[in-house]
Amino acid sequence: MEHLFSLCCLAIMVFFSVPFGAEARAFFVFGDSLVDNGNNDFLFTTARADSPPYGIDYPTHRPTGRFSNGLNIPDLISEHMGMESPLPYLHPSLRGDKLLAGANFASAGIGILNDTGVQFLNIVRMWKQLEYFQQFHVRLTDIVGADRTREIISNGISLISLGGNDFVNNYYLVPLSARSRQFSLPDYVRYVVSEYRNILSRMYDVGARKVLVMGTGPMGCVPAELAQRSRAGECSVELQRAANLFNPQLNDMLKGLNDEKGGNIFVAANTMKMHMDYISNPQAYGFITSKVACCGQGPYNGLGLCTPMSNLCPNRDIYAFWDPFHPSERANRIIVQQMIGGTSNYMNPMNLSTILAMDSKA
């Protein structure tokens, strides 16, 4: 069975200094289904969240293209920053003054590698998202001029979520996948990390100077993987091994980039710990389960898609997972809270609050 859009993804936030008292910053979002808020609704793809019960707890109570019962990570970051969440770049309403608030370029199903998610057909791969970002610069320049555009971009915040799909929707998608025949797992991890370094270097080249990088979460513990790989509710050993190989190499790569660029440009977020806190002890966080998805079917509600015909829990706030791969809005809030105020065990060398406090003094 084809896997859909992994919960366990990388995410990167790019922060730039804003003078104290400045107007709200633009927000730019890149990546996969953890942060897509509707681009795929405008594409011919199976990777869509455009039908109920998606969006059941969103303010409009209607599906929006977010892979959530309600708000996703960019929404919650925007909420904390006092901003509106940026519109999908492909949305026809994103024009004129709305461009001043930024844009969401993310597309569910994509990965670091261009061959990740090919089963989803027409999705906006990472290098295309960066091309759209450059196109955005041109469109904004036409409205406010080159100098103001540079100011908006340099004072903006960007978020990118990548990585998990390169495992669940590529290497482990099917037995004897092309990539698993080409690479051993350790060699594949090294290759993916090297390709990701190219993406981060490109982002630096276009101006990123404060980048918050979320490591791969516990891919083997999501309901979709429990349904297919677990005998008694235990996390998939192989997918957890992949995450445990990937995260240390990611951190080493970030340190190398920081040394090369000369500063603490890339900030590591321990996404594995953020997720595992509530997965290993759901009751402590007010959840009744971290194994069964709210919406789905089959073992752990982990098979297939979340559809109008799926099992649906009555109270999404007590489920850690909304669908077979994606956290509920309440779980997203726990993750974002750690990004905002977490200790060095979660955010190293600093959390978002510290970054923003430093920015306000700049």
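The values are calculated or read from the model by the stated rules, or taken from the named source; none is laboratory data. What you are looking at is a predicted structure, and each value in this text was computed from that prediction instead of being measured. Because the Cβ atoms are built from the backbone with ideal geometry, glycine has one as well, and the counts that use them run over all protein chains shown. Side chains included, ligands, DNA and RNA excluded: accessible areas come from the protein's heavy atoms. Shrake-Rupley method; radii C 1.70, N 1.55, O 1.52, S 1.80 Å.
Could you list, in sequence order, the residues of region 178-190 that are crowded, with 16+ Cβ neighbours inside 10 Å and either among the hydroxyl-bearing types (Ser, Thr, Tyr) or touching a Cys at 6+ places or on another chain (Cβ under 7 Å) (or both)?
Ser180, Tyr188
Return a yes/no flag: does region 154-170 have any residue that is touching a Leu at 6+ places or on another chain (Cβ under 7 Å), under 28 Å from Ser33 (Cβ atoms), part of a loop (DSSP other than H, G, I, E, B) and open to solvent by 10 Å² or more (accessible area, probe 1.4 Å).
The answer is no; no qualifying residue exists.
Please find, within region 48-79, the residue that is most open to solvent (accessible area, probe 1.4 Å) out of those that are more than 17 Å from the chain's Cα centre (by Cα) and more than 17 Å from Asp317 (Cβ to Cβ).
So the residue we want is Arg62.
For Ala293, only one of the following conditions fails: (1) open to solvent by 30 Å² or more (accessible area, probe 1.4 Å); (2) outside any helix (DSSP H, G or I). What is its number?
Just one mismatch for Ala293, condition (1).
Here's the yes/no breakdown for (1) farther than 14 Å from Phe30 by Cα; (2) crowded, with 21+ Cβ neighbours inside 10 Å; (3) among the aromatic types (Phe, Trp, Tyr):
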residue: Leu90; (1), (2), (3): no, no, no
residue: Arg95; (1), (2), (3): yes, no, no
residue: Ala101; (1), (2), (3): yes, no, no
residue: Gly109; (1), (2), (3): no, yes, no
residue: Thr116; (1), (2), (3): yes, yes, no
residue: Phe120; (1), (2), (3): yes, yes, yes
residue: Arg125; (1), (2), (3): no, no, no
residue: Glu131; (1), (2), (3): no, no, no
residue: Gln134; (1), (2), (3): no, no, no
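Only one of Ala331, Ala293, Ala284, Ala320 is closer than 30 Å to Asn264 by Cβ, small (Gly, Ala, Ser) and either modelled with pLDDT of 95 or more or touching a strand residue (DSSP E or B) at 6+ places or on another chain (Cβ under 6 Å) (or both); which?
Step by step, each of Ala331, Ala293, Ala284, Ala320 is checked, and only Ala331 is closer than 30 Å to Asn264 by Cβ, small (Gly, Ala, Ser) and either modelled with pLDDT of 95 or more or touching a strand residue (DSSP E or B) at 6+ places or on another chain (Cβ under 6 Å) (or both).
So, in region 317-362, exactly how many residues are in a loop (DSSP other than H, G, I, E, B), more than 16 Å from the chain's Cα centre (by Cα) and crowded, with 24+ Cβ neighbours inside 10 Å?
Matching residues across region 317-362 total 1.
Got a sec? Which of Arg241, Arg202 is closer than 24 Å to Asn114 by Cβ and not in a loop (DSSP other than H, G, I, E, B)?
Unique residue meeting the criteria: Arg202.
For (1) in contact with a Leu (Cβ under 7 Å, 6 or more places away or on another chain); (2) on the phi > 0 side of the Ramachandran plot; (3) in a helix (DSSP H, G or I); (4) at pLDDT 95 or above, each residue gets a yes or a no:
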site: Glu79; (1), (2), (3), (4): no, no, yes, no
site: Met83; (1), (2), (3), (4): no, no, no, no
site: Pro92; (1), (2), (3), (4): no, no, no, yes
site: Asp97; (1), (2), (3), (4): no, no, yes, no
site: Ala103; (1), (2), (3), (4): yes, no, no, no
site: Gly109; (1), (2), (3), (4): no, yes, no, yes
site: Asn114; (1), (2), (3), (4): no, no, no, yes
site: Gln135; (1), (2), (3), (4): no, no, yes, no
site: Arg150; (1), (2), (3), (4): no, no, yes, no
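Could you check Gln228 against (1) part of a helix (DSSP H, G or I); (2) open to solvent by 70 Å² or more (accessible area, probe 1.4 Å); (3) free of Cβ contacts under 8 Å to residues at least 12 places away in the same chain; (4) of a type outside the set (A, V, I, L, M) and say which number it fails?
Going through the list (1) part of a helix (DSSP H, G or I); (2) open to solvent by 70 Å² or more (accessible area, probe 1.4 Å); (3) free of Cβ contacts under 8 Å to residues at least 12 places away in the same chain; (4) of a type outside the set (A, V, I, L, M), Gln228 breaks only (3).
Working only within region 33-67, note down all residues that are within 25 Å of Val118 (Cα to Cα) and among the aromatic types (Phe, Trp, Tyr).
Phe42, Phe44, Tyr54, Phe67
What are the residue pairs meeting all of these: first residue in region 127-144, first residue within 13 Å of Val206 (Cα to Cα), second residue in a helix (DSSP H, G or I) and of a type outside the set (A, V, I, L, M), Cβ atoms under 8 Å, and 6 or more apart or on different chains?
Pairs found: Leu130/Arg202; His137/Thr149.
Among what's in region 233-249 and is touching a residue at least 24 places away in the same chain (Cβ under 8 Å) and among the small types (Gly, Ala, Ser), pick the residue that is surrounded by the fewest Cβ atoms within 10 Å (Cβ to Cβ).
Out of the qualifying residues, it is Gly233.
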